[in-house]
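Colleague: Take a look at this one; I'll ask things after.
Just so it is clear, none of the values below were taken in a lab; they were calculated from the coordinates. Predicted, not measured: the structure shown is a model, and the values here were computed from it. Because the Cβ atoms are built from the backbone with ideal geometry, glycine has one as well, and the counts that use them run over all protein chains shown.
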Amino acid sequence: MSAASRVRVLSVAGTDPTGGAGVHADLKSFAAHGAYGMAVVTALVAQNTHGVRAVHVPDVTFLRAQLDAVSDDVTVDAVKIGMLGTRAVADEVASWLTRTRPPVVVLDPVMVATSGDRLLDADAEHAVRALVAHADLVTPNLPELGVLLGEPTATTWTDAVRQARRLARDAGVTVLLKGGHLDGDASPDAVVDATTVTELDAPRVATTSTHGTGCSLSAAVAALRPRRPDWVTAVREAKEWLTGAIAAGEALAVGSGRGPVDHLHHAPGLGARPFSAEAWDHVADLRAACDDLPFVRGLADGTLRVEEFEQYLYQDALYLAQYSRVLARASQLATEPAAQAFFARGASRCLEVETRLHEDRLARAGHRWSGPASTATTAYVDHLLAVAATGSYAEVVAAVLPCYWLYADIGARVLARAGDLSTHPYRDWVGTYGDPEFAAATADACAFADAAARDVGAGTRARMLAAFTTSCAHEVAFFDQVRAGAGRGAPVAVGAASA
Ligand SMILES: Nc1ncnc2c1ncn2[C@@H]1O[C@H](COP(=O)(O)OP(=O)(O)OP(=O)(O)O)[C@@H](O)[C@H]1O
Ligand SMILES: Cc1ncc(COP(=O)(O)O)c(N)n1
């Protein structure tokens, strides 16, 4: 293979408009294994998860035109051949292989669909047998193996392995013998060549989602082989992936018959909405509740009483001292240097900039605030510290995000509405959180949360959403505590001994 960034792999097969088998399945398999996929169509098949309704095989001159269009232009690192349909098609593909021999040729000798419908004319069987001589790997199921040898279908695994050895020896080809049609708890396969039999065990998944398993497996092996040292390594990897794809198939809810497998089951984040977009929508009610709080409305229009604002600031200073530690924890857990630096800067900024805002204000107040953290402050901090103590990096980032985002959101809107801040009594607060620099830091925090969410499974993503939502609820309670008055700090005359 040349130094191309991806394996360029071609499927020569029939179609399945429901996307479970044929070239449609092959292209998904290729993508699932990081290959660049191409497809030449041998036959148009009107089929679904229940069976085949009609087959149209275009004239083979058109097949030749498709094959040549690819190979005249593109280096093909591997080819997977599936449904051929007729003798003329099989002969045409054989002729192309003699002209253009890609380094890896995998032949899935498709004859009969799972539904029982024939996908190969009876008089084409010997043409497929001839094609075996052009292949490096042939992947028959039990009935197909019998036909290739002109023998009855093996009824036991031992007999099937014996037949596979004979085919490997006689045709000088490696055989991937598939045991999907056996009864029992296992679905074993075997890689068989003239001298060796390597059995690959896998549990049988109790499911109806087995449409296109043979197509998907042979395509995966073709995509993997150019970058794997031998057939056994490529097949082992492909089979492990396929077992997971079969297990995840029913969740796709595609069709009411024998459904397809989920080729992309191992990449759950693929195509999902960014975490931050989903999370922001998820807390729409909490955001609306936040905007409606008397405290937030008073802060926005400047009618909030100064003492109430100071009371909030005092609790916020207590909160920020702990929030800083949680940001430091995100920095500690981060694997990317950019994220590590971002959260470390956030932890420091929290103590320096924001705490200064609070201290300046409270120092100017003419009295000193003291007393313990309120119930609302303690509850929020306890939640954050619990996530920091037991959660993964992704969960910690999700938990700290609302403190950026809700403040940036409220700050920007209050700033836009106030316009000129010179007479606003809380211009220092609005200036801090409405600042474009704070908006940029918030965008960065969202991007880090989105990146973290892309790397995790569905369970962790759900815990991220829960941590984010809980933090938002605490934000609302935090703003509301001044009015609610629970466990607030108290102003102490300047000069009086603090508690
Ligand atoms: N229920 C199952 N659980 C786990 N693995 C399975 C199951 N059914 C099939 N397989 C595996 O799927 C692959 C394809 O096997 P199968 O013998 O069904 O081939 P096939 O008949 O050519 O496939 P197709 O159904 O696409 O025609 C093999 O690796 C087989 O072990
Ligand atoms: C175009 C095409 N190729 C192969 C199969 C076999 O797959 P299955 O046996 O799972 O139906 C198929 N149904 N359609």
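Colleague: Go through the stretch 125-140 residue by residue and turn each phi into a ³J(HN,Hα) via Karplus (6.51, -1.76, 1.60, θ = phi - 60°); whole Hz please, and just put x for glycine and proline.
Modeller: 4, 6, 5, 5, 4, 5, 5, 4, 5, 8, 9, 8, 9, 10, 10, x
Colleague: Cα-based Rg of the stretch 306-402 per 2.2 N^0.38 Å, rounded to two decimals? Don't skip to the end; give the middle numbers.
Modeller: Numbers: Rg = 14.6 Å, N = 97, 2.2 N^0.38 = 12.5 Å.
Ratio of Rg to 2.2 N^0.38 Å for the stretch 306-402: 1.16.
Colleague: Please list, or write none, the lysines whose alpha carbon is within less than 19 Å of the alpha carbon of K178, excluding same-chain residues fewer than 8 places away.
Modeller: Straight-distance partners of K178: K80, K239.
Colleague: Plugging the Kirkwood radius over Cα pairs into Stokes-Einstein for the stretch 275-493, at a temperature of 20 °C and a viscosity of 1.002 mPa s, what D comes out in µm²/s? If you can, show how the numbers build up before the last one.
Modeller: Working: Rh = 17.6 Å.
Answer, rounded: 122 µm²/s.
Colleague: Now for a different question. Per the helix-only calculation at 222 nm, which mean residue ellipticity applies to the chain, given -39500 (n - 2.57) for every DSSP H run of n ≥ 4 and division by its residues, nearest 500 deg cm²/dmol?
Modeller: Values: 19 runs with 267 residues, N = 499.
Taken over the chain, the calculation gives -17500 deg cm²/dmol.
Colleague: Taking every DSSP beta bridge that has both residues in the chain, what percent is antiparallel when rounded to the nearest 5? The partial results should precede the final answer.
Modeller: Values: 18 of 39 bridges.
Here the antiparallel bridges make up roughly 45 percent for the chain.
Colleague: Would you please put 374-387, 71-84, 449-462 in order of how densely packed they are, using the mean number of other Cβ atoms within 10 angstrom per residue and starting with the highest?
Modeller: Ranking the peptides 374-387, 71-84, 449-462 by packing returns 71-84, 374-387, 449-462.
Colleague: Give the aspartates and glutamates reachable from K28 as a straight Cα distance under 20 Å; neighbours fewer than 8 places away on the same chain don't count.
Modeller: Excluding near neighbours in sequence, the set is D16, D77, D108, E237, E240, E250, D262.
Colleague: Return H474, H265, H50, H56 ranked ascending by Cβ neighbour count within 10 Å, so the fewest neighbours appear first.
Modeller: H56, H50, H265, H474
Colleague: Now a separate question. For the stretch 1-47, how big is the tail of P(r) above 16 Å, as a whole percent of Cα pairs?
Modeller: Details: 407 of 1081 pairs.
Considering the stretch 1-47, 38 percent of its Cα-Cα pairs are separated by more than 16 Å.
Colleague: Once all Cα-Cα distances of the chain are split into 10 Å bins that start at 0, what whole-number percent is in each one?
Modeller: Bins of 10 Å from zero give 4, 17, 21, 14, 10, 12, 11, 8, 4, 1, 0 percent of pairs.
Colleague: For the chain, take the longest principal axis of its alpha carbons; what is the angle in degrees between that and the long axis of helix 306-333, to the nearest 10 within 0 to 90?
Modeller: 30 degrees
Colleague: Checking a compactness column here: for the stretch 248-327, what do you get for Rg(Cα) / (2.2 N^0.38 Å), N being the number of residues?
Modeller: 1.98
Colleague: Still on this structure, I have one more. Between T208 and D72, what is 0.36 nm times their sequence separation minus the Cα-Cα distance? Round to one decimal in nm. Please report the intermediate quantities before stating the final value.
Modeller: On the way: separation 136, 0.36 × 136 = 48.96 nm, distance 4.11 nm.
Contour length minus Cα-Cα distance gives 44.9 nm.
Colleague: For a quick check: with amide H placed at 1.01 Å from N, whose amide H comes under 5 Å from S370's, ignoring anything fewer than 5 positions away on the same chain?
Modeller: Correct list: A490, V492.
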